[in-house]
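Heads up, the thing below is written out as C-alpha cells.
Bear in mind that the values in this text are calculations on the coordinates, not laboratory data. On a predicted model such as this, the values are computed, not experimentally measured, just so you know. So basically every Cβ, Gly included, is an ideal-geometry build from the backbone, and we count neighbours across all protein chains shown.
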Amino acid sequence: MTPARGSRPGVRPSRALPGARVAAALVAPVWRTLPWRTLGAAAAVGLLVVGAGRAVGAGPVETLYGLRGAGLALALGVAFLLDDPARHTTAPVPVRRAVRTLLRAALVTPVAGLWWAAVLLLVPGTVRPPAGDLTLETGTALVLALAGAAVAVRYGDAPEPGRSVAAALLGTAVLAPLLLPGHWALFVPPNDPGWTAAHERWARLLTGAAALCAASLHERGPHGQSRSVTSPCGTSGPSRTS
Amino acid sequence: MTTVSAAVTVSASGLTLRYGATRALDDVSLRLGRGVTGLLGPNGAGKTTLLRVLATSVPAASGAFTVLGHDPASAHGRQEVRRALGYLPQTPGFHPDFTPFEFVDYVAILKELTDRAARHREVRRVLDEVGLAEVRGKRIKKLSGGMRQRVALAAALVGDPGFLVLDEPTVGLDPEQRMRFRELIAQAGEGRTVLLSTHQTEDVAMLCHRVLVMAGGRVRFDGTPAELAARAAGRVWRSTARDPGAKAGWRTGTGGYRNVGDPPEGADLLEPTLEDGYLLTLDGDRGDRGDRGDRGDHGDRAEATA
C-alpha cells in the first residue's frame, strides 16, 4: 500500500503559523499580480486632466471639476484592482481571500496617496479647493470602487470583473449629480452653503463603502449560497442565471 | 490503474445546489477512498459544480461532506479541508508574466508554505514531477496549452495534498500530451484520493478503479469501470446498415455499423466498452436493475446520448 499523502516532512506548514509571515511572503507575488498598467493609465489620465486645467489657467470651479475628474479616473482604475486571471486556480487555498484583497489595497494605497499629492500640487494654490474635503471625495470614490470589485468577486464567478465594476462606477458618477435630490447633493462647489453638509454625506458614504467592502471579504460558508449565483465556469454548466 | 484503498477519505451526503431553476446538484451522496475515481457525465450534468463544492470553492445549499476527516461546515474545518486539497479547475487561469516556478511558488505560499528554502525545494519537486523542470524559468504566456495544464497540475500538487480534484485536465490536449497527463494522474493517485472529471471514457478505463456517472445533477451510476461496461453486455451489435432500433449507431472504419441498444434477434453481438455502458446509463432504459449507487428516477432527466 502506498503511504498516505499530505505528510511530507518539511513541507506541511506549522499550524501555529502567524498570518503575518504568510502576508509577508505574499507581498512580492501579489505586487506583481496588480493591474499596474490599468492603474498607471488611470493615473496618467487624472494628471493630464488637472495638468490641462493648469495649462489653460482654469478658474476655481473648472479646477474643482478637474480634480473630481482625476479622482474618478483613478477610481476607475481601482475597479480593476481585484481582477485575477488565476482566481479559479487559486480559489480553494488556506490563505483567505481577505488577506490577498487587503494586501492588494495596502500595496496600492501609498502609491495612490503619492499620486493624489502630486495632483493637488499641480493645482495653483489660488484656485485649489479645500484639499482635505477633496481628498475625502476622492478617497470615497476609491473605496467605492474597491467595494464594487469586492462585491463582484464575492457574488460573481468572473475572474476579471473590473470592466463591469468600472462601468457601474462611471454610470453612478454620471447619474448621481443628475438624480440625487438637492438635500442629498454630493457635488457642490466650495462657495455653496451646503459644502460642509455635503462632505458629511461623503464621510457617511465612505463609511458605508468601507463596511460593504469589509462584509464582502467574508467568504461564504458551506450553506451560504446567494440568491443570484451563476453556474461555474465549466463548459458544462447549465444556463447562467443572475 | 492506481492503488486502491477501502478506507473512506471523502464522504458527502445530500449535496444540493440550484442555479436559478436548474438543480445543478440534486441530493448527491458519495464515498471515496484512495486511488483515482472517474466522474463522467454529459454537459450540464453537475460535474464541475460537484467538484467545486468538494473543493470548498462554491458552497452547497444543503447537504454535508467531509474530506480526510475535516468538516468544512466551520471556518476552521474549511481551512483544514483546503490544507488537504489540490485543485485543478477546468479552465485554469494564470498570471501570464509569471514563470512556472514563480506561479507554483505563489500557490505554495497561498498553501502556507512560508519557509522559503523548503518551499522552493517543494516547487522544484512538483515541477520535476510534471516534467516542467526545463521550462521552469520561461514565462507561462510562452508555453503551449499542454505545458500550461501541467503548470496547473503542479500548482494542484504542491504541498503534497491528500485529496486531488481534477476537472477535465485532458481537455484540449493532443494524444501524446494526453498520454503524458494520464501517467501524471496515475502517479498522483498513488496514496491520494483523486476525483477526476472527464468526458473521455478512455481516461476512466485507463486510470480509474471506480467511476461515477452523473446526469441532471444526480449520481446515476457508482461502480467499477468493468461494471459500467457490463451494463452494455448483450446490447452492442454489428450490422451492415444502421439499425433504426438502436439507441445509438455509427459507421466504423471497417464499413460496418456498431449499434448500441436493444439488439434484434440473431444480432452479431460485440464486446461492450465502457463508452457503451456509459451511453446506455445515460439513456436510462436499463436504470435501476441491480447496480449499486443508482439514485432512482433514472432516465427521466438523463440527457440525450449519441
Checklist outcome for this item: Residue by residue through region A:41-46, the couplings from Karplus 6.51 cos²θ - 1.76 cosθ + 1.60 with θ = phi - 60°, in Hz, x for Gly and Pro, are 5, 4, 5, 5, 4, x
Checklist outcome for this item: Expected integer from the mean partner chain Cβ neighbour count at 10 Å over B:50-62 is 5
Checklist entry - Where does each of A:Asp83, B:Asp105, B:Asp27 land when they are ranked from fewest to most other beta-carbon atoms within 10 angstrom? => result B:Asp27, A:Asp83, B:Asp105
Item to check | Summed side-chain charge close to B:Leu132 - residues other than B:Leu132 whose Cβ falls under 12 Å, Lys, Arg +1, Asp, Glu -1 | outcome: +4
Checklist entry - Using a Gaussian network for chain B with springs between C-alpha atoms less than 10 Å apart, which of these wobbles most: B:Ala226, B:Ala215, B:Ala152? => result B:Ala226
Checklist outcome for this item: Sorted by chain and then number, the residues having a modelled amide H within less than 5 Å of the amide H of B:Ala248, at least 5 places away or on another chain, are B:Val260
Next on the checklist: 5 Å is the cut-off here: which amide hydrogens, built 1.01 Å from N in the peptide plane, fall below it relative to B:Met214, excluding neighbours closer than 5 in sequence?
Outcome noted: B:Leu40, B:Gly41, B:Arg220
Checklist entry - What is the magnitude of the charge dipole of the protein assembly as shown about its Cα centre, with +1 placed on the Cβ of each Lys and Arg, -1 on the Cβ of each Asp and Glu, and no other charges, expressed in debye to the nearest 20? => result 1260
Item to check | Phi-based couplings in Hz for region B:103-108 (Karplus 6.51, -1.76, 1.60; Gly and Pro marked x) | outcome: 5, 5, 4, 4, 5, 4
Checklist outcome for this item: With label points set 7 Å from each Cα along the Cα-to-Cβ direction at A:Arg21 and B:Asp97, the distance between them in nm comes to 3.0
Checklist outcome for this item: Inter-part gap, Cα centre of region B:7-28 to Cα centre of region A:121-177, in whole angstrom, is 40
Next on the checklist: Between region B:172-236 and region A:46-86, how far is it from one alpha carbon centroid to the other, in angstrom?
Outcome noted: 55
Item to check | Local net charge near B:Gly172, Cβ-Cβ under 12 Å (Lys/Arg +1, Asp/Glu -1) | outcome: 0
Checklist entry - Could you give the nm distance between label points at A:His218 and B:Arg125, where each point is 7 Å from its Cα heading toward the beta carbon? => result 3.8
Checklist entry - Going by how many other Cβ atoms sit within 10 Å of their own, how do A:Trp195, B:Trp250, A:Trp202 line up, fewest first? => result B:Trp250, A:Trp195, A:Trp202
Next on the checklist: With an 8 Å Cα cut-off and a minimum separation of 6 or more residues, compute the relative contact order for region B:113-263 in percent.
Outcome noted: 13
Checklist entry - How high is the relative contact order of chain B, in percent, counting Cα pairs under 8 Å that sit 6 or more residues apart? => result 20
Item to check | Among B:Val58, B:Val219, B:Val36: highest mean-square fluctuation, GNM of chain B, C-alpha pairs under 10 Å | outcome: B:Val58
Checklist outcome for this item: Once phi for every residue in region A:97-112 is put through the Karplus expression 6.51 cos²θ - 1.76 cosθ + 1.60 (θ = phi - 60°), the whole-Hz ³J(HN,Hα) values, with Gly and Pro written as x, are 4, 4, 4, 5, 5, 5, 5, 4, 4, 5, 6, 7, 4, x, 5, 5
